[in-house]
Amino acid sequence: AQSVSQHNHHVILSEAASLELGCNYSYGGTVNLFWYVQYPGQHLQLLLKYFSGDPLVKGIKGFEAEFIKSKFSFNLRKPSVQWSDTAEYFCAVTPYSSASKIIFGSGTRLSIRP
Amino acid sequence: NAGVTQTPKFQVLKTGQSMTLQCAQDMNHEYMSWYRQDPGMGLRLIHYSVGAGITDQGEVPNGYNVSRSTTEDFPLRLLSAAPSQTSVYFCASSSKTGTGAGELFFGEGSRLTVL
C-alpha cells in the first residue's frame, strides 16, 4: 500500500521568500502525484499534478513541483510567496493512471508574514 | 454546475446514535471516496469506490459503512457514533482513468460533533 510523508508540519515565511515543501512517498510501482491546497475555511483544490513525462510540473498561482523518482520525492516550490499563499498544503499519491485509494500526507501549514 | 454535494454541513450526535452523510456528484465520475480531516493528521481515507456496486476500505474504515448503488451517490453511514468520530468529513470524486484520474473534486465538508 502507498503512503505519503510531509515532514514540514508548519512553515513560516515572510512575503517574497522562496518556498519549498517536502513530500516523499512510498509505493512499489509507478504513481500519479498531486499537490492540493486548502485555504482557510475552504475545501481542498488541486494545485498541480504529475502523471508522466517532464518531471518538472507547473501549476496554478506560480507553484511548481519536481518529481525525483530515485528519491521518491515530489517537492513543491514557489520562488516568491505572497500573503495570500497562507494555507495548508497536501501531497497525495495514487497508482499510475488509475484512481484507486488516493492517499494524502498529513499536510503542511504555511503562514506568510506580511 | 453542482459538482460534489454533501449534506448535512453540520451535525451534532450523541454517543451511540447512527446517521448517514450524503454525497452526490453530477460529473459521472467512477471514483468516489470519503475522507476525514483532523488537525495535524491530514486527510485520512475512510472508504472508497471505483464504480457502482464496488466499495473498498481505506485507512480508517472502522465504525463506518458505505454503499454505491448508483454512479452518482456514495453515502457514508456511522453505525454507532463515538466521540472519536468527531471530525470534518469530505466526500470527493474523480475520473478513474485517463488524464483526470486522481484529480479529486471535493464537497464542501460536513462537520460532525459526537457528544
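None of the figures in this text is laboratory data; all of them are computed from the coordinates on show. The structure displayed is predicted, hence computed values, not measured ones. Reconstructed Cβ throughout: ideal geometry from the backbone, glycine too, with neighbour counts over all protein chains shown.
Numbers at a glance
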| read-out | value |
| --- | --- |
| Using alpha carbons only: equivalent-ellipsoid semi-axes of chain B, gyration tensor based, whole Å | 23, 14, 13 |
| A:Ala87 long-range amide H proximity, modeled H, under 5 Å | A:Leu110 |
| Rounded to whole Hz, the Karplus (6.51, -1.76, 1.60) HN-Hα couplings of segment B:38-55, x for glycine and proline | 10, x, x, 10, x, 9, 10, 6, 8, 9, 9, 9, 9, x, 4, x, 10, 9 |
| Amide proton proximity set for B:Asp26, modelled H, under 5 Å, gap of 5+ | B:Gly3 |
| Listed residue pairs exceeding 29 Å between alpha carbons, taken from A:Lys101/B:Lys9; A:Lys69/B:Lys96; A:Lys71/B:Lys9; A:Lys58/A:Lys101 | A:Lys71/B:Lys9 |
| Cβ-based net charge around A:Gln2, under 15 Å, with every Lys or Arg adding one and every Asp or Glu removing one | +1 |
| Residue of B:Gln37, B:Gln17, B:Gln25 that the Gaussian network model of chain B assigns the largest fluctuation, springs spanning Cα pairs under 10 Å | B:Gln17 |
| Cβ neighbours within 10 Å from other chains - mean over B:91-104 | 6 |
| Rounded if a/c under 1.5, otherwise prolate or oblate - segment B:63-104, Cα gyration tensor axes | oblate |
| Normalised contact order of segment A:11-114, rounded percent, pairs of Cα under 8 Å and 6 or more residues apart | 37 percent |
| Table column - 3J(HN,Hα) (Hz), segment B:89-106, Karplus curve with 6.51, -1.76, 1.60, x for Gly and Pro | 10, 10, 9, 8, 9, 7, 4, 8, 9, x, 5, x, 4, x, 7, 7, 10, 9 |
| Potential extension, A:Gln82-A:Ser18 segment - 0.36 nm per residue separation minus Cα distance | 22.1 nm |
| Assigned charges on the beta-carbon of Lys, Arg, Asp, Glu; the protein assembly as shown dipole about Cα centre (debye) | 320 debye |
| Dmax and Rg, reported as Rg then Dmax, of the protein assembly as shown (C-alpha, Å) | 17.4, 51 |
| Tail beyond 21 Å, pair distance distribution of chain A (Cα, percent) | 31 percent |
| Nearest-20 debye value, chain A charge dipole, Cβ charges on Lys, Arg, Asp, Glu | 120 debye |
| Fluctuation leader among B:Gly63, B:Gly53, B:Gly40 - chain B, Gaussian network, Cα springs under 10 angstrom | B:Gly40 |
| Computed over chain B: relative contact order in percent, which uses C-alpha pairs under 8 Å that are six or more apart | 35 percent |
| Karplus-derived HN-Hα couplings along segment A:37-42 (A = 6.51, B = -1.76, C = 1.60, θ = phi - 60°), whole Hz, x at Gly and Pro | 10, 10, 6, x, x, 10 |
